[in-house]
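Have a look at the structure below before the remarks.
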Amino acid sequence: MLWLKAFHIVFVVTWFAGLFYLPRLFVHHAEATEPAVHARLTIMERRLLVMTHIGGVLAIVFGLLTLWRMPGWLAAGWMHAKLALVLALAVYHLQLVRMVRRFAAGTNRWSSRSLRIFNELPALALIAIVILVVVKPF
Ligand code: HEM
């Protein structure tokens, strides 16, 4: 069971690397004026998105396997709150997919200021999830 939890945490870190850095690339992309910078950021975003997919899928797979080995947690309030936040992260991830496509097509409408605010959301979810799963407050 501890191996499952260890790999769960490894892929959570991988997932968050993409959830944190992709919106940061979008901020630079929204401020870019040169076609060469646009082309380079488009390649970086596409490659980082692949890593974010791998991290997200495996973080959830190992999380579900850990939960399968500890089904009692399913009745816990902290696990319900955690799973709700994980669902919000999955929606955020899908929004990143749409934004990678829009930036590649040159049809992004988000300002760099709104992208900076958007960039902060995963950090709030991370803090809340780690407190829920380590402290188990309810
Ligand atoms: C469907 C998604 C997920 C499921 C089913 C899940 C399930 C679990 C379960 C059952 C544990 C073991 C709890 C324990 O032994 O105390 C665990 C541990 C953990 N989970 Fe998740 N998790 C999911 C997603 C995430 C995400 C997105 C994060 C991001 C921060 C996360 C962070 C952690 C951490 C840090 C631990 C280790 C806690 C400890 O050892 O005290 N999990 N998870």
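Details
- Qualifying residue in the range 95-106 (condition: at pLDDT 95 or above, more than 9 Å from the ligand (Cβ to nearest atom) and among the polar types (S, T, N, Q)): yes
- Looking only at the range 114-137, residues that are away from the ligand (no atom under 14 Å from the Cβ) and not aliphatic (A, V, I, L, M) come to 5 in all.
Residues are listed down the side, and each one gets a yes or a no for (1) touching a residue at least 60 places away in the same chain (Cβ under 8 Å); (2) closer than 21 Å to Trp3 by Cβ; (3) touching a helix residue (DSSP H, G or I) at 6+ places or on another chain (Cβ under 7 Å):
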position: Ala39; (1), (2), (3): no, no, no
position: Ala76; (1), (2), (3): yes, no, no
position: His80; (1), (2), (3): no, no, no
position: Leu85; (1), (2), (3): no, no, yes
position: Val91; (1), (2), (3): no, no, no
position: Leu94; (1), (2), (3): no, no, no
position: Met99; (1), (2), (3): yes, no, yes
position: Asn108; (1), (2), (3): yes, no, yes
position: Leu124; (1), (2), (3): no, no, no
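- If only residues of the range 15-59 that are within 11 Å of the ligand (Cβ to nearest atom) and crowded, with 18+ Cβ neighbours inside 10 Å are counted, the one that is farthest from Thr107 (Cα to Cα) is Ala59.
- If you filter the range 66-82 down to residues that are surrounded by 16 or more Cβ atoms within 10 Å (Cβ to Cβ) and aliphatic (A, V, I, L, M), you find that the one that is farthest from Ile129 (Cα to Cα) is Leu67.
The values are calculated or read from the model by the stated rules, or taken from the named source; none is laboratory data. Here the structure is a predicted model, which is why all the values come from computation and not from measurement. Please note: Cβ atoms are built from the backbone with ideal geometry, for glycine as well, and neighbour counts cover all protein chains shown.
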